[in-house]
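K.L.:
Could you have a look at this structure, given as structure tokens, before my questions?
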Amino acid sequence: MSSLLLQNLSYQYDGQSVIKALNLAVEQNEIVCLLGASGCGKTTTLKAIAGLIQPQHGSVVINGQCMSDERHFVAPQHRNIGMMFQDYALFPHLTVAQNIAFGLNKLDKPERLKRVDEMLELVHLNNFKSRYPHELSGGQQQRVAIARALAYRPNLLLLDEPFSNIDAQVRYQLINDIRAIIKDQQVSAIFVSHSKDEAFAFSDKLAIMHEGQIAQLGCAKTLFQQPSNKVVAEFLGQGIYLKATRYNGAGVSTDFGDVSSMVPLLQSQQQGQIYVRPQHLELVNDPNGQVRVEQQRFVGTEYVYRVRFEQQQLEVPAPTDKTINTDLPVSFKIKAHAVNFFSEQELN
């Protein structure tokens, strides 16, 4: 049984479709990230799961129980879900222990105190139980928020941009810690983010959202190496399109030479384009080169070249021992990689 099942979910606001016939299944003890640009519908989907809005069509099923469909609607407080917000939403007038205990009113006092102590131990804040939120760092407030969300043993945990307010220097350590805590508690989670780096580090699977629908669902490696469409490919990293012809199941021919693919090319069409990211390109001086270098800058460990090919721009890194003469014509050398090949039909 899935922890969460969304079937044909649709929601309109002011006559505009925000989510459209969306389907998603989240398995037990799985962390799935709704990832996409602003306005793609990811936060609206989270609100529909939480019961903060009621979709016009489709159903929300949590742990086998229908929470929302065309016939009935279960209020948020009766869905047994935990929520963690971007601003943590801690009560400033309550101590750490009181914040964690806030949702445990159904337990008697000894059980409530025991559960609070268990959560303080889990998030390594045993010595902070009497402090107030303003006396904590951002990372510590984050730990209190996750402890409160997990304290009453929810069936599902919802996290809305939870790491955006954390300093970059400690963000990924905190991501690893929070992920370990969720896995320790064996709770499924839906995580909303616009950052692919956070999503890669935190999630088991990514659901790339675009215009209210899931463009592709899968693990980070699969989506990065084998995007099902150009929307997914472009969202997961900057790149450049080059005309290409498939010459076997694992290679393409381009104007810059043949390229071997490290994953099978699933498309049947022979003609198309490949989407190449900067790390798979090498710049070389070539008398017949068609690539123009517009800018060169030194960033400490390497050079970064802003180049233009036809109407496309891209920044390509190069090691310091491979300096390019920008006064001479330049071309691409394409390294072997997991080639992203799209037919002309898929690109239109």
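K.L.:
Based on other C-beta atoms within 10 Å, arrange Val330, Val339 from fewest to most. Write down the numbers at each step before the final one.
P.N.:
On the way: Val330 20, Val339 25.
Fewest-to-most Cβ neighbours within 10 Å comes out as Val330, Val339.
K.L.:
So, one more: Would you please state which residues of segment 259-292 a label at Ser253 would reach in this model, taking the label point 7 Å out along Cα→Cβ and a backbone N cut-off of under 18 Å?
P.N.:
259-261, 265, 268-274
K.L.:
Across segment 133-146, in residue order, what do the Karplus-derived ³J(HN,Hα) couplings come to in whole Hz, using 6.51 cos²θ - 1.76 cosθ + 1.60 with θ = phi - 60° and x for Gly and Pro?
P.N.:
Result, ordered by residue: x, 5, 8, 10, 6, x, x, 5, 4, 4, 5, 5, 4, 5 Hz.
K.L.:
Report the one residue of Ile178, Ser193, Asn155 whose Cα lies farthest in the direction of the positive end of the charge dipole of segment 4-230 (charges on C-beta: Lys and Arg +1, Asp and Glu -1; origin at the Cα centre).
P.N.:
With unit charges placed on the Cβ atoms, the residue in question is Asn155.
K.L.:
How big is the charge dipole of the chain about its Cα centre, in debye rounded to the nearest 20, if each Lys and Arg gets +1 on its Cβ and each Asp and Glu gets -1 on its Cβ?
P.N.:
Details: 32 positive and 34 negative charges, 139 e Å.
Here the chain has a charge dipole of around 660 debye.
K.L.:
Averaging the inverse of every distinct alpha carbon separation and then flipping it gives the Kirkwood radius. What is it for segment 235-348, in angstrom units? Don't skip to the answer; put the middle values down first.
P.N.:
Details: mean 1/r = 0.0678 Å⁻¹.
Kirkwood radius, segment 235-348: 14.8 Å.
K.L.:
Evaluate E = 1/(1 + (r/R0)^6) for His72 and Ala336, where r is the Cβ-Cβ distance and R0 equals 56 Å; express this FRET efficiency to the nearest 0.05.
P.N.:
Values: r = 55 Å, r/R0 = 0.98.
The value I calculate is 0.50.
K.L.:
Among Met84, Met262, which comes first, second and so on when ranked by fewest other beta-carbon atoms within 10 Å?
P.N.:
Details: Met84 22, Met262 11.
Exposure proxy ranking, most exposed first: Met262, Met84.
K.L.:
Further, regarding this structure: Filter the trypsin sites (Lys or Arg not before Pro) in segment 1-102 to those in DSSP coil with at most 16 other Cβ atoms within 10 Å of their Cβ, and list the result. Display every interim value, and only then the final one.
P.N.:
Details: sites: Lys20, Lys42, Lys47, Arg71, Arg79; in loops: Arg71, Arg79.
In loop regions of segment 1-102 (DSSP not H, G, I, E or B), the sparsely surrounded trypsin sites (Lys or Arg not before Pro) are Arg71.
K.L.:
So, R0 is 22 Å and r is the distance between the beta-carbons of Ser38 and Glu234; what FRET efficiency does that work out to, to 0.05? Don't skip to the answer; put the middle values down first.
P.N.:
Values: r = 15 Å, r/R0 = 0.70.
Taking R0 as 22 Å, the efficiency between Ser38 and Glu234 is 0.90.
K.L.:
OK, next. On average, how much area does the Cα convex hull of the chain cover when viewed from any direction, in nm²? Before the final figure, lay out the partial values.
P.N.:
Working: hull surface 87.3 nm².
About 21.8 nm², averaged over all directions.
K.L.:
Label-point separation (nm) for Gln345 and Asn176, each offset 7 Å from Cα along Cα-to-Cβ?
P.N.:
Once both label points are built, they end up 4.6 nm from each other.
K.L.:
Could you check the spin-label model distance between Gln65 and Lys114? Points 7 Å from the Cα along Cα→Cβ, value in nm.
P.N.:
It is 2.3 nm.
K.L.:
Find the centroid of the Cα atoms in segment 222-291 and in segment 139-159, then give the distance between the two in whole Å.
P.N.:
Their Cα centres are 42 Å away from one another.
K.L.:
Here is a follow-up. Among DSSP bridges having both ends in the chain, what percentage is antiparallel? Round to the nearest 5. Could you put the intermediate results ahead of the total?
P.N.:
Details: 59 of 78 bridges.
Around 75 percent antiparallel, to the nearest 5.
K.L.:
Please give every one of the aspartates and glutamates within straight-line cross-link reach of Lys333, meaning a C-alpha to C-alpha distance under 19 Å, and leave out same-chain neighbours fewer than 8 residues apart.
P.N.:
Within the straight-line cut-off, Lys333 pairs with Asp255, Asp258, Glu282, Asp286, Glu294, Glu302, Glu310, Glu315, Asp321.
K.L.:
Continuing with the same structure: Could you state the angle between the C-alpha long axis of helix 168-185 and the longest principal axis of the C-alpha atoms of the chain, as a value from 0 to 90 degrees rounded to the nearest 10?
P.N.:
60
K.L.:
Once amide H atoms are built 1.01 Å from N in the peptide plane, which residues 5 or more positions from Leu156, or in another chain, come under 5 Å H to H?
P.N.:
Those qualifying (amide H under 5 Å, at least 5 residues apart or on another chain) are Gly82.
K.L.:
Right, here's the next one. Measuring from label point to label point, each 7 Å out along Cα→Cβ, what is the Gln86 to Thr245 span in nm?
P.N.:
In this crude label model, Gln86 to Thr245 measures out at 4.9 nm.
K.L.:
Straight distance only, please: which aspartates and glutamates reach the Cα of Lys196 with their own Cα at less than 16 Å, same-chain residues fewer than 8 apart left out?
P.N.:
Asp160, Glu161, Asp204, Glu234
K.L.:
Note down the relative contact order for segment 238-347 as a percent, whole number, built from C-alpha pairs under 8 angstrom at least six residues apart.
P.N.:
Values: 238 pairs, mean separation 37.1, N = 110.
Relative contact order, segment 238-347: 34 percent.
K.L.:
Over segment 4-230, what is the relative contact order in whole percent, taking alpha-carbon pairs under 8 Å and six or more residues apart? The partial results should precede the final answer.
P.N.:
Numbers: 428 pairs, mean separation 65.2, N = 227.
With pairs under 8 Å counted, the relative contact order is 29 percent.
K.L.:
Follow-up. I'd like to compare 241-251, 184-194, 85-95, 102-112: which one has the highest average count of other Cβ atoms within 10 Å, and what's the full order after that?
P.N.:
Result, highest mean Cβ count within 10 Å first: 184-194, 241-251, 85-95, 102-112.
K.L.:
Could you state the number of Å between the C-alpha centres of segment 58-93 and segment 306-336?
P.N.:
What the calculation gives is 50 Å, centre to centre.
K.L.:
Once amide H atoms are built 1.01 Å from N in the peptide plane, which residues 5 or more positions from Ile53, or in another chain, come under 5 Å H to H?
P.N.:
Ala48
K.L.:
Give me the number: length gained by fully extending Gln279 to Ala168, i.e. 0.36 nm times residue separation minus the C-alpha to C-alpha distance, one decimal in nm.
P.N.:
Details: separation 111, 0.36 × 111 = 39.96 nm, distance 2.31 nm.
Extra length from Gln279 to Ala168 when fully extended: 37.6 nm.
K.L.:
Select from Phe85, Ile208, His280 the residue farthest towards the positive end of the dipole of the chain; place +1 on Cβ of Lys and Arg, -1 on Cβ of Asp and Glu, and compute about the Cα centre.
P.N.:
Farthest towards the positive end: Phe85.
K.L.:
For Thr222 and Glu121, calculate 0.36 nm times their separation in residues minus their Cα-Cα distance, and state this gained length in nm to one decimal.
P.N.:
Stretched out fully, the Thr222 to Glu121 stretch lengthens by 32.7 nm.
K.L.:
Read phi for every residue in segment 225-235 and hand back ³J(HN,Hα) as whole Hz from Karplus 6.51 cos²θ - 1.76 cosθ + 1.60, θ = phi - 60°, with x for Gly and Pro.
P.N.:
So the J values, rounded to whole Hz, are 7, 9, x, 7, 7, 5, 4, 5, 4, 6, 5.
K.L.:
Provide, as a two-decimal number, the C-alpha radius of gyration of segment 235-296 over 2.2 N^0.38 Å, N being how many residues it has.
P.N.:
Expressed relative to 2.2 N^0.38 Å, the Cα Rg reads 1.24.
None of the figures in this text is laboratory data; all of them are computed from the coordinates on show. Bear in mind that the values here come from a model prediction, so they are computed numbers and not experimental data. Every residue, glycine as well, gets a Cβ built from its backbone with ideal geometry; the counts of neighbours run over all protein chains shown.
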